[in-house]
Amino acid sequence: MQTIRSWFGFPKACPYIGTKDRDMLKTGYMIISFVREGQMLSSTWADHLLSDKTRRQTLFGDLSKIMLSLNRIKLPRIGSLTLDDDGLIKLKNRPLTLRLQTFENEGIPTIPRNCTYHSVEPYILDLLQLHDNRIHHQPNAIHNLNDGQEQFAALTMMRALLPQFISRQYRDGPFVLTLTDLHASNIFVDKDWHITSLIDLEWACSFPIELQTPPYWLTGRPIDDIEHGENLDTFQEAMTEFINAFEVQEKEVQTSAFSQAEIMRKSWERGGFWYFQAVNSPKGLLRVFNEHIQRMFCEEHCTQRVFDRTVSPYWSVGAESFIQKKVEQEAEYKDRIRKRFGEVDQKG
């Protein structure tokens, strides 16, 4: 049946689902596997990360091979793969990442389920809208006037600076399958840090090639905990080491007309790495903007309140009065929390 479908140009059904079993797809299901070899990278991460260059090179090389293998098939747009009731794999779902799910778990509206993108800018602008939605829907999103002005100024400038970090050459593709939840606890390795297995692949998305950056966790620090100074110098060394390892593997494969290692390198040099990480971080955007993006254009503004006071009104009409309402809303929210936990303590 699969062969006949291919003769007539129809997509082939997933080989794991037989025709007679299609009805089972109309209900929820899980596919479970067992990792037989290796241990979580996070188990030995702190022991060897900085001291063992051989293990780092092994890990970076294997990660690069996996990324290049996934990139061999170019996808038509930004989104997520789905398995429909007929067992057909289609690219028709919104790009569903773990961070997007984090917003939804907190009751914040996100991207509609069937929304996919044919170019980069609309996707980035929708991600920035999620940060606006967080401010609107989270009762404790703004703590005081200064905090509100800081957040509004950062979001306003993130929209204004978008053309600085997106290359026109790659705005309409290529789009490649990207593992968006790839971190040290989802990678299993042997004693030499060769990768044996990956887990939590359900967050894989078709992403723009420029958004497939080196992993931000290469120095073991959260993205919003990397500051200028020694932290940044160490992080830059790790970025350079990873990109160089990626370039070595890419030259061996030679499957593309362009160099993705060069795309990564240019994105790092012009600050695109920080921009994309900020957009994708529900709680880290403000810190990443202040530490790494704003100072690229005017370091003085990083410490001047006049910048936030001047730019924040352009977030929306009535921005200042909205901040005041959110400050009052947070006070009410904290009062409810105190009463709730006070009642629990009294009963306990």
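The values are calculated or read from the model by the stated rules, or taken from the named source; none is laboratory data. Not measured: the values here are computed from a predicted model. Here Cβ is always computed from backbone atoms with ideal geometry, including for glycine, and neighbour counts include all displayed protein chains. To get the accessible areas, we keep the full protein, side chains included, count just its heavy atoms, and leave off ligands, DNA and RNA. Shrake-Rupley method; radii C 1.70, N 1.55, O 1.52, S 1.80 Å.
Just a few scattered comments:
- Given (1) under 30 Å from ASN105 (Cα atoms); (2) open to solvent by less than 40 Å² (accessible area, probe 1.4 Å); (3) in contact (Cβ under 8 Å) with a residue 60 or more places away in the chain; (4) in contact with an Asp or Glu (Cβ under 9 Å, 6 or more places away or on another chain), number of the condition LEU218 does not satisfy: (3)
- Of the residues contained in segment 309-325, one or more are found to be open to solvent by 80 Å² or more (accessible area, probe 1.4 Å), within 14 Å of ALA141 (Cβ to Cβ) and modelled with pLDDT of 90 or more.
- The residue that is modelled with the highest pLDDT, among those in segment 92-109 that are assigned to a loop (DSSP other than H, G, I, E, B), more than 23 Å from ASN186 (Cα to Cα) and open to solvent by 30 Å² or more (accessible area, probe 1.4 Å), is PRO109.
- Count of segment 131-157 residues which are open to solvent by less than 60 Å² (accessible area, probe 1.4 Å), farther than 24 Å from ARG295 by Cα and assigned to a helix (DSSP H, G or I): 3
- Single residue of segment 52-81 satisfying the filter (open to solvent by less than 60 Å² (accessible area, probe 1.4 Å), of a type in the set (A, V, I, L, M, F, W, C) and not in a helix (DSSP H, G or I)) that is modelled with the highest pLDDT: ILE78
- Selection from segment 171-213 of residues that are β-branched (Val, Ile, Thr), part of a strand (DSSP E or B) and open to solvent by 30 Å² or more (accessible area, probe 1.4 Å): ILE195, THR196
- Residue list for segment 249-287, filter: open to solvent by 80 Å² or more (accessible area, probe 1.4 Å) and either touching a Phe, Trp or Tyr at 6+ places or on another chain (Cβ under 6 Å) or part of a helix (DSSP H, G or I) (or both): LYS251, GLU252, LYS266, GLU269, ARG287
- Tabulated pairs, segment 63-89, first polar (S, T, N, Q), second part of a loop (DSSP other than H, G, I, E, B) and surrounded by 16 or more Cβ atoms within 10 Å (Cβ to Cβ), C-beta under 6 angstrom, 6+ apart or interchain: SER80/PRO95; SER80/LEU96
- Qualifying residue in segment 159-166 (condition: in a loop (DSSP other than H, G, I, E, B) and among the charged types (D, E, K, R)): no
- Taking first residues from segment 43-61 that are of a type in the set (A, V, I, L, M) and partners that are crowded, with 16+ Cβ neighbours inside 10 Å, the Cβ contacts under 6 Å between residues at least 6 apart in sequence or on separate chains come to LEU59/TRP193.
- Check on PHE246, at pLDDT 95 or above and in contact with a helix residue (DSSP H, G or I) (Cβ under 6 Å, 6 or more places away or on another chain): yes
- Segment 36-47, residues that are closer than 19 Å to LEU198 by Cβ, more than 24 Å from the chain's Cα centre (by Cα) and not polar (S, T, N, Q): ARG36, GLU37, GLY38
- Take the conditions (1) open to solvent by less than 30 Å² (accessible area, probe 1.4 Å); (2) part of a helix (DSSP H, G or I); TYR333 misses just one of them, which is (1).
- Meets criteria (among the hydrophobic types (A, V, I, L, M, F, W, C), in contact with a Lys or Arg (Cβ under 6 Å, 6 or more places away or on another chain) and open to solvent by 30 Å² or more (accessible area, probe 1.4 Å)) for CYS302: yes
- The sole residue among ARG168, ARG113 that is free of Cβ contacts under 8 Å to residues at least 24 places away in the same chain, touching a strand residue (DSSP E or B) at 6+ places or on another chain (Cβ under 7 Å) and open to solvent by 30 Å² or more (accessible area, probe 1.4 Å) is ARG113.
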